[in-house]
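Please treat every number below as a calculation from the coordinates, not as lab data. The structure presented is a predicted model; accordingly, all values stated were derived computationally and were not measured. Glycine also receives a Cβ, built like all others from the backbone with ideal geometry; neighbour counts cover every protein chain displayed.
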Amino acid sequence: MAAESKQISTLIDRSAADVYRYAFVARNEFGVLDHEVTLPSGDVIYNPMRVIPYGDACEVVFTLRRQPDMSNEDFERDAGLVQADLNRLKQLLEAAQWRCAQRILSRSLTSPSSMSPVCSNPYRS
């Protein structure tokens, strides 16, 4: 990662035989979610990821890079895993948005003056 970035979190994903570590760049106003994945072998893979505002929604862009000596089958498997992760992220965000809308609605029904948003996009001003 670039020298000016700093790690804000490390996640550990345990599968049946492997442990992967994820280190994300510091929270920022630009929607940059670049991260490094440390494989069980110790190899580190840099993954660019962006969240781009689009009206009331956003677009998440993940760049999957083919690693040296990676077979077509392994690359396609990785692409499928990334797609599954992005699909799950979409589900989680849409569910959170729905819960947020329900909270706003329930507050507005009990007190119309409480219509101020309780859920906001941290990347919007």
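Where does the charge balance sit around N47 when Lys and Arg score +1, Asp and Glu -1, over other residues with C-beta under 12 Å from its C-beta? Surrounding charge for N47 is -2.
In a fully extended conformation the segment linking S41 and F75 would gain 10.5 nm over its present Cα-Cα distance, using 0.36 nm per residue.
Would you please give the FRET efficiency between E29 and E94, computed as 1/(1 + (r/R0)^6) with r the Cβ-Cβ distance and R0 = 22 Å, to the nearest 0.05? E(calc), rounded to 0.05, equals 0.40. If the chain linking D85 and V19 were pulled fully straight, counting 0.36 nm for each residue of separation and taking away their Cα-Cα distance, it would gain 22.0 nm.
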